[in-house]
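> Quick one: the structure is below, questions incoming.
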Amino acid sequence: MEQPAQNTSSGVDASFDQLNRDWYIDKAVQVLVFLGGISAIVFIIGIFVFISKEGFGFLVGDFNFKEFFFSPNWRPTSESKETFGILALVAGTASVTGLAMLIAIPFSLGAAIFIAEFASGKTREFLKITVELLAAIPSVVWGFIGLAIMNPIIIETFNVPVGLNVLNAGVILGLMAAPIMTSIAEDALKAVPDRYREAAEAMGATRWQVIYKVVLPAAKNGLLGAVLLGVGRGFGETMAVLMATGHSINIPTSVFDSVRALTATIAAELGETAAGSSHYQALFTIGIFLFIITFIINLAADLIVRGVRKG
Amino acid sequence: MVKLGVKDLSISYAGERVLEGVNFDIQEHEIFGIIGPANAGKTSFLKAINRMDMFNTEMTVDGEIRFNNVDVSKIRNVYGLRRRIGVVFPLPVGLPLSIYDNVALAPRLGGQKDKAELDIIVERCLTRAALWDEVKDRLDSLGSMLSGGQQQRLTIARALSQDPEMLMLDEFSIAVDPVTTMRIEDVLKELRSEVTIILVTNLVQQARRLADRTAFFLGGRCVEVGVTEDLFTGEVQDQRTRDYVEGRFG
């Protein structure tokens, strides 16, 4: 009997263990992708540090918790006594966002239900593209619509002196938020497995019963996430509300009152303040406040939408 | 009495025939088995019966299916038809509702609002589906969180909750363990006195255990219909039936 021939006496063959081109490309891509992945975190921390630093002087100096949150007087340039109360600004933002949601929620839910449950084939594709197109319209264009189209309509229809008010901005912001909410809500509805629909249909549920009793409950987390994203959008929107609210400091008592939003205040005033002044720093403190609010809203939305995927 | 009459039935998807030449009557209170390998057209047949083709524009049904001697293709209110026919799908579908709401859904769709009445229905159906003892203390928990076998029994309870005149089971035991399968089979035997049952199964022995008569579907045709026992003792028209029940193919 012959023994099988051996390549080397020790049996070690390390020729496959080479750091070749593929190996280096793989490593390089890994590093690049990693950097891309963490860049978002770096940026968000950077932004937070920056606005905190700018607002810090105010927070430790002139900042008066009670005045800041509970005074409706925002008089940063008063000669006798500067006051930095954001209550009216918060009320402005909240009223506009609230009205916007009243308009956007039914619209976007209706649109999402139609696209996901009723429309089919070409209609569906066409609607989806249209909705996405709508979401991409720049906010300044919406602001322009508020200023040039909505304003005279409101003045004439309701016989009020000014058409730049909560109603105008609420409608504009509602129309702005609706497309993105529709898109997310539609995703949530599409994520409901078809076998749920089939099971309900087989039981004799009508189409509306299938949606109302089965699909909506199954998608409720995703739908709530969509609404919260809309709210976040409302809070953060600047240009359109600056143009459509009338930009006057007011705690609104009706939808025909002009108001001013937190974001719009920063946008309008920051360019005219001396860097480092109390006013400048107070604006950054508003920035911190907005940052925290939107962060909480987005985080809540995200956690809720995630919850849906797991369940 | 004939519960379901089928005449010259054929079904196509997007122009492609998946089933043709189906002719038989299903008697009231019988268990009618349908056996056959995959792609024989068994599930399509069930879909045609309760008009699930309605939302599927690709699916066309020709021929005649009469339920209670009413042509189902001419029915205006298909929801009414479906409420008379309970369906159990191959894979369990626990709806993401509580166990209670899963079973109470169909009665509620039918307009039942009385809580006491619903309680009775829920308990009766879960008991019949051999699930009551396992879930009676947690009726509020999610139906979709039950195990596969439990979900399938939940599905059966749900199908029974609408007090169907006919029950269609499509390979119900695929995701169920053998012990549970036997318990459900016992339930089906009891139900025979009240309900007409169509049992689609890929287990020929299950058909033998339960079905009074059995049809053999093969490659989109109904090859044979006969008294179940005849199929198994070799008294068949078609050689392929014998080969199939004896396990020589499929």
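The values are calculated or read from the model by the stated rules, or taken from the named source; none is laboratory data. Please read all numbers here as calculations on a predicted model, not as lab measurements. No Cβ is skipped: glycine too gets one built from the backbone with ideal geometry, and neighbour counts run over all protein chains shown. Areas reflect the complete protein model, heavy atoms only, side chains present, ligands, DNA and RNA absent. Shrake-Rupley method; radii C 1.70, N 1.55, O 1.52, S 1.80 Å.
> Compute the orientation-averaged projected area for the range A:83-310 from the convex hull of its Cα atoms and round it to one decimal in nm². Intermediate results must be reported in sequence, preceding the final value.
Values: hull surface 58.5 nm².
The Cα convex hull of the range A:83-310, projected and averaged over all directions, gives 14.6 nm².
> Can you give me the C-alpha center-to-center distance between the range A:239-310 and the range A:110-186, rounded to a whole angstrom?
21
> If R0 is 45 Å, what FRET efficiency do you get for A:THR206 and B:VAL179 from their C-beta distance, rounded to 0.05?
0.75
> Tell me what chain A gives for mean residue ellipticity at 222 nm when only DSSP H runs of n ≥ 4 count, each as -39,500 (n - 2.57), the sum divided by the residue total, rounded to 500 deg cm²/dmol.
-21500 deg cm²/dmol
> Report B:ASP140's accessible area, 1.4 Å probe, all protein chains in place, as a number in Å² to the nearest 10.
Roughly 140 Å² of B:ASP140 is accessible to a 1.4 Å probe.
> Moving to a separate point now. For chain B, compute the orientation-averaged projected area of the C-alpha convex hull (one quarter of its surface), in nm².
With the hull built on Cα positions only, its mean projection is 13.4 nm².
> In addition: What does a probe at B:LYS113 reach in the range B:53-90, counting residues whose amide N is under 16 Å from the point 7 Å along Cα→Cβ?
none
> Something else about it: Leaving ligands, DNA and RNA out of it, work out the accessible area of A:THR206 with a 1.4 Å probe and give it in Å² to the nearest 10.
Roll a 1.4 Å probe over it and A:THR206 shows about 40 Å².
> Under 10 Å, Cα contacts only: if you run a Gaussian network model on chain A, which one of A:LEU19, A:LEU242, A:LEU262 comes out with the highest mean-square fluctuation?
Of A:LEU19, A:LEU242, A:LEU262, the Gaussian network model singles out A:LEU19 as fluctuating most.
> Translational diffusion coefficient of the range A:21-61 at 37 °C, 0.692 mPa s, Stokes-Einstein with Kirkwood Rh over Cα pairs, in µm²/s as a whole number.
Taking Rh from Cα pairs, D becomes 262 µm²/s.
> If the cut-off is a Cα-Cα distance under 17 Å, which aspartates and glutamates reach B:LYS136, setting aside same-chain residues fewer than 8 apart in sequence?
Counting by Cα, and skipping residues close in sequence, B:LYS136 has these aspartates and glutamates nearby: B:ASP101, B:GLU117, B:ASP119, B:GLU123.
> Tilt of helix A:21-60 relative to the longest C-alpha principal axis of chain A, in degrees (0 to 90, nearest 10)?
For A:21-60 against chain A, the angle is about 20 degrees.
> Same structure, new question: Any idea of the accessible area per residue across the range A:21-61, 1.4 Å probe, to the nearest Å²?
On a per-residue basis, the range A:21-61 sits at 79 Å².
> What is chain A's relative contact order, in percent, from Cα pairs under 8 angstrom and six or more apart in sequence?
About 25 percent, as a whole number.
> Moving to a separate point now. Probe 1.4 Å, all protein chains in place: accessible area of B:LYS74 in Å², nearest 10?
So the heavy atoms of B:LYS74 present about 150 Å² to solvent.
> What is the Cα centroid distance between the range B:94-146 and the range B:177-240, reported in whole angstrom?
29
> Could you list the GluC sites (Glu not before Pro) in the range A:75-175 that lie in coil according to DSSP, counting only those with at most 15 other Cβ atoms within 10 Å of their Cβ? The partial results should precede the final answer.
Values: sites: A:GLU79, A:GLU82, A:GLU117, A:GLU125, A:GLU132, A:GLU156; in loops: A:GLU79, A:GLU82.
Sparse-neighbourhood loop GluC sites (Glu not before Pro): A:GLU79.
> Next up: Could you tell me how many degrees, from 0 to 90 and to the nearest 10, lie between the Cα long axis of helix B:148-161 and the main elongation axis, the longest principal axis, of the Cα atoms of chain B?
Between helix and principal axis, roughly 90 degrees.
> Another one. Given the C-alpha atoms of the protein assembly as shown, compute the convex hull and give its volume per residue in Å³.
Each residue corresponds to 304 Å³ of Cα convex hull volume.
> Still on this structure, please answer the following. Roughly what % of DSSP beta bridges within the protein assembly as shown run antiparallel, to the nearest 5?
Taking every DSSP beta bridge within the protein assembly as shown, about 55 percent pair in antiparallel fashion.
> I've got another one for you. With +1 assigned to the C-beta of every Lys and Arg and -1 to the C-beta of every Asp and Glu, and no other charges, what is the dipole magnitude of chain A about the Cα centre in debye, to the nearest 20?
Working: 20 positive and 24 negative charges, 157 e Å.
With Lys and Arg at +1 and Asp and Glu at -1, about 760 debye.
> Using a 1.4 Å probe on the protein chains only, how many percent of the accessible area of the protein assembly as shown belongs to carbon and sulfur?
The value for the protein assembly as shown is 59 percent carbon and sulfur by accessible area.
> OK, next. Using a Förster distance of 30 Å, how high is the FRET efficiency between A:PHE158 and A:LEU102, based on the Cβ-Cβ distance and rounded to 0.05? The partial results should precede the final answer.
Working: r = 17 Å, r/R0 = 0.57.
It comes to 0.95.
> Further question: Which one of A:ALA14, A:ALA100, B:SER12 has its Cα pushed farthest toward the positive end of the charge dipole of the protein assembly as shown, where Lys and Arg give +1 and Asp and Glu give -1 at the Cβ?
Highest projection toward the positive end goes to A:ALA100.
> What FRET efficiency comes out for the pair B:THR57/A:GLU132, r = Cβ-Cβ distance, R0 = 22 Å, nearest 0.05?
0.30
> Further question on the same structure: Where Lys and Arg each count +1 and Asp and Glu each count -1, what net charge lies around A:LEU283 among other residues with Cβ under 15 Å from its Cβ?
Local charge sum for A:LEU283: -2.
> If you don't mind, another one. Accessible area lost on pairing B with A, both sides, 1.4 Å probe, Å² to nearest 100?
Buried area between the two chains comes out at roughly 1800 Å².
> Over 23 Å between C-alpha atoms is what I'm after, so list which of A:LYS190/B:LYS74; A:LYS213/B:LYS74; B:LYS3/B:LYS74; A:LYS128/A:LYS190; A:LYS190/B:LYS115 land there.
Details: A:LYS190/B:LYS74 31 Å; A:LYS213/B:LYS74 28 Å; B:LYS3/B:LYS74 17 Å; A:LYS128/A:LYS190 13 Å; A:LYS190/B:LYS115 33 Å.
Beyond 23 Å: A:LYS190/B:LYS74; A:LYS213/B:LYS74; A:LYS190/B:LYS115.
> Starting from the eigenvalues of the Cα gyration tensor, five times each then square-rooted, give me the equivalent ellipsoid semi-axes of the range A:76-115, largest first, whole Å.
Each semi-axis is √(5λ); the values are 39, 7, 5 Å.
> State, to one decimal in nm, how far the label point of B:ASN23 lies from the label point of B:GLU64, with both points 7 Å from Cα in the Cβ direction.
Those two pseudo-labels are separated by 1.2 nm.
> Which of A:VAL192, A:VAL140, A:VAL33 moves the most in a Gaussian network model of chain A with Cα springs under 10 Å?
Sorting by GNM fluctuation, first place goes to A:VAL33.
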